[in-house]
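Here the structure comes first, spelled out in structure tokens, and everything after it is commentary.
The values are calculated or read from the model by the stated rules, or taken from the named source; none is laboratory data. Since the structure is predicted, the reported quantities are computational estimates derived from the model, not experimental observations. We place every Cβ from the backbone using ideal geometry, glycine too, and count neighbours over all the protein chains shown. We work out accessible area using only protein heavy atoms, side chains counted, and drop any ligands, DNA or RNA first. Shrake-Rupley method; radii C 1.70, N 1.55, O 1.52, S 1.80 Å.
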Protein chains: 2
Amino acid sequence: MNRLAKNVIDQLSRLLGKRCTANRVVCEQHGRDESRHEVAPPDVVCFVHSPEEVAAVLKICNRASFPVVPFGAGTNVEGQVCAIRGGASIDMSEMTAITRFSQADMDCTVQAGVTREQLNDYLRDTGLFFPIDPGANATIGGMAATNASGTTTVAYGSMKENVLALRVALPSGELINTASRARKSSAGYDLTRLFIGSEGTLGVITEVTLRLHGRTEAVSAARVCFSDIAEAIETVTSAMQSGIRFARIELLDATQIRAINRYSKTDYLEQATLFLEFHGSASGVAEQAGLFGVIAAEFGGSDWQWTANENERRQMWSARHHAAFATRAARPGCIAVATDVCVPLSHLAECIARTREDIETHWRWPFMLTAHIGDGNFHYVFLIDPDSEAEWSTYNALYERLVDRALGMSGTCTGEHGIGLGKRKYLPREFGESGAALMRAIKSAIDPNNIMNPGKIFEN
Amino acid sequence: MNRLAKNVIDQLSRLLGKRCTANRVVCEQHGRDESRHEVAPPDVVCFVHSPEEVAAVLKICNRASFPVVPFGAGTNVEGQVCAIRGGASIDMSEMTAITRFSQADMDCTVQAGVTREQLNDYLRDTGLFFPIDPGANATIGGMAATNASGTTTVAYGSMKENVLALRVALPSGELINTASRARKSSAGYDLTRLFIGSEGTLGVITEVTLRLHGRTEAVSAARVCFSDIAEAIETVTSAMQSGIRFARIELLDATQIRAINRYSKTDYLEQATLFLEFHGSASGVAEQAGLFGVIAAEFGGSDWQWTANENERRQMWSARHHAAFATRAARPGCIAVATDVCVPLSHLAECIARTREDIETHWRWPFMLTAHIGDGNFHYVFLIDPDSEAEWSTYNALYERLVDRALGMSGTCTGEHGIGLGKRKYLPREFGESGAALMRAIKSAIDPNNIMNPGKIFEN
């Protein structure tokens with residue numbers, strides 16, 4: 001470690017005492033996420049307790065151009081927390097206060113380290129809930145930083161639609177509020193959405209003000225199978241145009257269902273399967289599901305099941321919830337790597353079909369499909385032997401073609417996982433050199449010393 | 001005119017021929033909006049026909065640091081189009097092509113000069129519609145540039161929730177696409193939302209890709225009166241928490257109803273009145289309205305009326321639609337000036353009551369209230385004799401206190417009209433000096449020569 005770094009760490013230690021540590025194990029824990037990306041430990045980890053402490057850490061690091069990597073729950077999957085240039089990892093997980101809750105305004109303000117499960121536990125008896133569900137029990141700060149979305153996004157949007165305001169520590173050590181708590185505003189530039197999805201490259205999100213939603217009177221669930229994925233997509237497209245409102249609509253392919261049957265000892269029909277959820281009044285959820293059932297039958301859907309009973313509903317969705325575990329169990333000793341493109345619905349069937357064809361031609365190992373089908377976002381998940389160079393190289397080539405295919409269909413290289421380390425080269429392909437350069441110019445204006453999560457989103 | 005300006009205009013004339021004009025009348029038409037702000041004509045008006053032409057105009061102007069002011073329909077109300085430093089007004093109104101429409105994707109791409117009425121006429125037989133309704137028949141480009149919203153925002157959001165992507169000409173003369181057509185993306189910084197609401201200060205929006213919505217099976221309308229505005233607000237708060245979904249919910253105060261009665265020769269009950277609209281299935285809109293009626297009665301609502309009949313519905317809303325004309329007629333020869341703060345619902349009753357008290361103490365002339373109540377956004381509209389210095393000075397003091405009151409209640413100085421010229425000094429009050437400086441830094445990074453609508457949003 002050079003003298004400059006040592007000097008920074010000395011200052012951080014004076015600020016935080018034992019909450020600043022260079023312990024090797026702790027640093028390695030903070031240099032990895034849930035992805036294939038190599039562990040890249042920071043030089044030091046700072047466990048911060050307040051926005052002001054975050055600001056103070058940034059001020060110290062900025063003076064020395066010392067890299068800073070924000071860390072939430074570490075559940076991201078594109079290497080966002082890997083400290084590829086060393087520096088200080090700012091661990092937000094001890095900032096877990098729910099600092100304000102308003103029933104009347106249906107909003108709350110939480111520190112960045114609050115997890116979504118903690119928040120929903122807190123809200124349990126209020127009649128309100130926070131809908132975004134990326135699967136993992138991520139922190140709200142991390143979810144904002146990566147613009148998390150998931151199964152409910154088709155109805156409730158992503159983090160961009162559910163964050164009213166952020167408190168952010170800038171690299172300069174200043175703390176700003178990106179917006180008021182008003183439900184809408186036309187005052188100045190949208191700093192809130194600029195920081196959402198910026199993956200820690202512009203500043204550290206310390207507090208988040210969230211829009212909450214009322215729990216509806218009733219929730220119903222449904223499931224329907226198709227012999228052909230294209231029929232499932234036509235069903236969804238037609239239902240959306242008819243104005244049917246899903247709370248969730250998820251697709252698993254036949255291979256995925258087969259893996260679930262093996263893993264959970266179930267006997268689901270091994271076909272492409274849609275899982276649905278409806279939120280509304282008791283009569284409303286029955287009506288919406290009924291309409292959907294009729295449309296599904298028109299497009300060849302079979303084995304239609306529907307329930308408004310809570311236990312049956314959980315049962316009906318359990319296959320979907322077991323998908324991740326079942327996938328991993330399909331090839332023991334291997335790691336699951338998920339692609340994440342998102343295309344307009346009109347291109348979805350073709351994009352999936354051509355990708356499947358490409359994979360079947362080149363890949364001899366297990367793979368399966370999960371789709372947030374209402375958004376046009378799908379994940380082909382590959383089970384890869386981490387030590388096989390041949391598998392990685394085949395995967396990388398397939399992946400590259402998949403991204404180009406999605407971009408060629410007016411889609412994006414990442415629907416919800418972010419750019420991180422793994423997709424940096426696709427940024428100029430998606431936005432053109434001018435668009436990517438514009439983002440880089442914004443980054444330089446806000447973080448001139450490039451201390452904030454350097455090497456993420458942009459290649460340099 | 002100096003030699004530099006003359007040289008720029010020569011270049012623009014060579015590019016556009018007669019579509020570049022310094023005609024005095026045309027320039028004056030382009031230097032005014034629908035507000036109280038003084039006419040400030042540009043030196044020249046450019047009627048552009050393509051994104052590439054816009055880019056070429058910007059390139060010429062940027063080389064000479066010549067100001068550029070984008071112009072749509074001129075229906076903005078905060079002086080956004082006033083060319084306070086002269087320069088070139090870029091008139092987008094001849095770029096009226098609907099360049100792409102996809103039924104399956106429920107989206108379309110339009111040139112910036114398409115108006116919202118033109119778009120909805122085009123969509124009439126598709127079963128889809130574009131919901132944002134700011135009242136005026138604004139251009140879609142202008143609506144994006146000012147983050148327009150309006151009566152349907154409580155259900156469908158503002159422009160930020162309904163624009164998928166923009167094509168933007170940067171000051172450098174480059175054209176970029178801010179996003180793909182995917183329904184969601186976590187790729188890089190949110191350039192789309194950065195340009196939405198930037199009021200022409202960062203670049204010129206040349207094309208807009210919009211999310212469309214399915215027309216629902218049924219639409220119903222309702223109206224209910226309250227002797228006290230606070231009761232109306234409690235009703236709305238309670239209904240929102242119960243998960244009732246309004247398509248629109250608007251409030252007019254008793255003075256406004258009285259003005260409408262005089263103007264339209266109607267005999268509406270002269271009380272604070274809520275106007276509602278519900279979108280959904282036939283049974284759904286009846287159910288939602290019925291639930292709302294019960295809640296309204298609990299909080300003292302009277303004269304409840306409901307209909308699902310189209311003619312009756314138009315009739316029921318006609319008072320609301322006549323509000324703007326009735327307001328102006330209430331004091332002939334005077335101009336209507338609207339305030340535009342937006343606060344969390346829990347503060348709305350107090351904010352309105354204290355503002356009303358303040359106005360009644362100091363203002364002896366007509367004023368009335370319109371509120372997009374579900375969003376917490378309200379407009380006290382003042383009828384001002386434009387030649388009376390006393391009235392202006394009283395108004396300005398009231399306005400200043402209103403903004404400070406709203407900011408003190410976690411609100412914003414502008415819910416939907418924007419900063420423009422009139423609210424520049426409130427930007428640092430709302431975001432702090434650091435927040436406003438951050439916006440300024442972004443502006444400088446994108447528009448280093450400060451050619452884009454200079455003097456708007458920021459005071460310098």
Problem set entry | Vicinal HN-Hα couplings computed from phi for region A:377-386 (Karplus, 6.51 cos²θ - 1.76 cosθ + 1.60; Hz; Gly/Pro x) | 9, 9, 10, 7, 9, 9, 9, 10, 6, x
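Residues with beta-carbon under 12 Å from that of A:LEU252, excluding A:LEU252: net charge, scoring Lys, Arg +1 and Asp, Glu -1? Please list the in-between numbers first.
On the way: positive: A:ARG223, A:ARG258, A:ARG320; negative: A:GLU250, A:ASP253, A:GLU270.
Taking every Cβ under 12 Å from that of A:LEU252, the sum is 0.
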Problem set entry | Label distances, nm, A:SER444 versus same residue in remaining copies, Cβ-directed 7 Å point | 1.4
Seminar exercise, completed: Scoring only Lys, Arg, Asp and Glu (+1, +1, -1, -1) among other residues with Cβ under 9 Å from the Cβ of A:THR152 yields -1
Exercise. In whole Hz, what ³J(HN,Hα) sequence does region B:336-342 give by Karplus (6.51, -1.76, 1.60; θ = phi - 60°), x for Gly and Pro?
Worked result: 8, 10, 9, 7, 8, 6, 9
For this session: Mind grabbing the accessible area of B:ILE335 for me, 1.4 Å probe, Å², rounded to tens?
Result: 60 Å²
Exercise. For the pairing of chain B with chain A, what total accessible surface becomes buried, with a 1.4 angstrom probe, in square angstrom to the nearest 100?
Worked result: 6300 Å²
Exercise. Charges only on Cβ, +1 for Lys and Arg, -1 for Asp and Glu: so what's the dipole of region B:81-122 about the Cα centre, in debye to the nearest 20?
Worked result: 200 debye
For this session: For peptide A:171-178, compute the average count of partner chain beta-carbon atoms within 10 Å of each residue's beta-carbon.
Result: 4
Seminar exercise, completed: For region A:355-460, listing GluC sites (Glu not before Pro) in a DSSP loop whose Cβ sees at most 12 other Cβ atoms within 10 Å gives A:GLU459
For this session: Quantify, in whole percent, the carbon and sulfur part of the accessible surface of the protein assembly as shown (1.4 Å probe; protein heavy atoms only).
Result: 47 percent
Problem set entry | Net charge, A:GLU117 excluded, C-beta distance under 12 Å - Lys, Arg +1, Asp, Glu -1 | 0
For this session: State in Å² the accessible area per residue of region A:338-460; use a 1.4 Å probe, count heavy atoms of protein chains only, and round to the nearest integer.
Result: 33 Å²
For this session: List the lysines whose Cα lies under 29 Å from the Cα of A:LYS6, skipping any in the same chain that are fewer than 8 positions away.
Result: A:LYS18, A:LYS59, A:LYS443, A:LYS456
For this session: Determine, for each peptide in A:9-16, A:282-289, the mean count of other beta carbons within 10 angstrom over its residues, then list the peptides with the highest first.
Result: A:282-289, A:9-16
Problem set entry | Residue (of A:MET409, A:VAL168, A:HIS322) at the positive-pole extreme of chain A, dipole from beta-carbon charges | A:VAL168
Problem set entry | Accessible area per residue in Å² at 1.4 Å probe, computed on region A:235-288 | 35 Å²
Exercise. So how far, in whole Å, is the C-alpha centre of region B:388-408 from the one of region B:173-223?
Worked result: 34 Å
For this session: Express the accessible area of region A:129-171 per residue in Å², computed with a 1.4 Å probe while the remaining protein chains stay in the model.
Result: 17 Å²
For this session: Summarise the partner chain shielding of B:427-439 as one whole number: the mean count of Cβ atoms from other chains within 10 Å of each residue's Cβ.
Result: 6
For this session: Determine the distance separating the Cα centre of region A:238-316 from the Cα centre of region A:25-82; give it in Å without decimals.
Result: 40 Å
Exercise. For chain A, what is the mean residue ellipticity at 222 nm derived from helices alone (per DSSP H run of n ≥ 4: -39500 (n - 2.57); sum divided by total residues; nearest 500 deg cm²/dmol)?
Worked result: -12000 deg cm²/dmol
Exercise. So which trypsin sites (Lys or Arg not before Pro) in region B:357-420 end up in coil per DSSP with only 13 or fewer other C-beta atoms within 10 Å?
Worked result: B:ARG364
Exercise. In straight Cα distance, which lysines are under 18 Å from A:LYS160, not counting same-chain residues fewer than 8 positions off?
Worked result: A:LYS184, B:LYS160, B:LYS184
Exercise. What does the highest-first list of A:182-194, A:116-128 look like by mean Cβ count within 10 Å?
Worked result: A:182-194, A:116-128
Exercise. For region B:122-209, with only Lys/Arg (+1) and Asp/Glu (-1) charged at the beta-carbon, what is the dipole magnitude about the Cα centre, in debye rounded to 20?
Worked result: 240 debye
Seminar exercise, completed: Mean other chain Cβ within 10 Å across A:342-354 is 3
For this session: Only loop residues by DSSP count here, and only those with at most 13 other Cβ atoms within 10 Å; note down the trypsin sites (Lys or Arg not before Pro) in region A:221-306 that meet that.
Result: A:LYS265
For this session: Using the 7 Å Cα-to-Cβ label point, sort the distances from B:GLU350 to its equivalents in the other copies shortest first and give them in nm to one decimal.
Result: 5.7
Seminar exercise, completed: SASA check, A:THR361, accessible area w/ 1.4 Å probe, all protein chains in place, rounded to nearest 10 Å², comes out at 100 Å²
Seminar exercise, completed: For A:GLN305, inter-copy label-point distances (7 Å, Cα→Cβ), nm, shortest first, read 5.1
